[in-house]
Each structure stands twice: as C-alpha cells, then as structure tokens.
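The values are calculated or read from the model by the stated rules, or taken from the named source; none is laboratory data. This one's a predicted model, so the numbers in the text were calculated from it and none came from an experiment. Quick reminder, even Gly has a Cβ in these numbers, built from the backbone with ideal geometry, and neighbours come from all protein chains shown.
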Amino acid sequence: MMTKGALALWSLPKLKIGYSHSIMTDDERMQRESSLIATIIKELPEFAKACADDAELVLLHQDAFAADYQEDEYTLLGMAIKYAGLRGKEVRVIGKNRSSLGEPEENTIQ
C-alpha cells in the first residue's frame with residue numbers, strides 16, 4: 001500500500017537533468033545570459049550586490065530559497081548560483097533546514 005507522500009512523488013513532473021548537447025548560437029547564449037542577469041537584479045538585488053563585491057565567496061542560508069519547497073524558488077536558486085558563477089564567485093550554502101524559521105529540528109537526538 002502506498003502512502004500519500006509516496007503517491008505525491010509519482011505525480012511530480014519529470015526533470016530533465018543533464019548536459020544539453022544542442023548547439024547554442026552566441027546570440028542565443030548572450031540573450032539567455034542577459035535574461036538571467038536581469039532576473040537576478042530584479043528578484044535578488046542584495047544577492048546581485050554581494051556578487052559585485054570584491055569577495056570571492058557568497059554565503060547563502062539554505063532557508064533563503066524554497067524553505068517550504070516551492071518549485072519556483074528551486075529555479076531561482078539555480079539561477080542565483082549560475083549568476084554567481086558568471087561573476088566569478090564561489091557559493092557556499094550554510095544553515096540547517098528551516099533553522100531560520102524558528103522551528104525545532106525534527107531529527108534532533110535527545
């Protein structure tokens with residue numbers, strides 16, 4: 001018998017993970033990069049400022065994106081990482097799941 005959570009996993013959209021072997025023109029690449037940059041500047045202005053700094057490392061708390069597992073937040077996280085890479089930055093994720101939300105940890109050993 002499947003649990004409700006297991007059924008939810010089967011209904012998730014299939015992800016296409018991997019390297020695309022299609023050839024992208026320079027114009028397409030520049031257009032995609034420009035779109036990425038504009039999105040990050042609009043949606044994550046403080047992150048964009050941090051990436052413009054002289055520091056080599058940008059820290060992100062893991063609850064800054066998709067604390068409640070929102071699909072669009074996963075996409076934005078990926079875009080932020082790609083943006084940081086364009087700026088020559090290392091991205092480090094810190095924190096424990098939902099720790100910034102003031103919720104007790106579920107996996108605490110007592």
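I want to confirm something. Restricting to region 60-95 and keeping residues that are closer than 12 Å to Leu44 by Cβ and aromatic (Phe, Trp, Tyr), which single residue is modelled with the lowest pLDDT?
For region 60-95, the residue satisfying everything is Phe65.
Which condition breaks for Phe65 when tested against (1) in contact with a helix residue (DSSP H, G or I) (Cβ under 9 Å, 6 or more places away or on another chain); (2) touching a residue at least 24 places away in the same chain (Cβ under 8 Å)?
Exception for Phe65: condition (2).
It is to be established whether one or more residues within region 41-51 are among the charged types (D, E, K, R), surrounded by fewer than 11 Cβ atoms within 10 Å (Cβ to Cβ), touching an Asp or Glu at 6+ places or on another chain (Cβ under 7 Å) and modelled with pLDDT of 90 or more.
no
Anything in region 33-62 that is more than 22 Å from Asn97 (Cα to Cα), part of a loop (DSSP other than H, G, I, E, B) and in contact (Cβ under 8 Å) with a residue 12 or more places away in the chain? List them, or say none.
Ala55, Glu56
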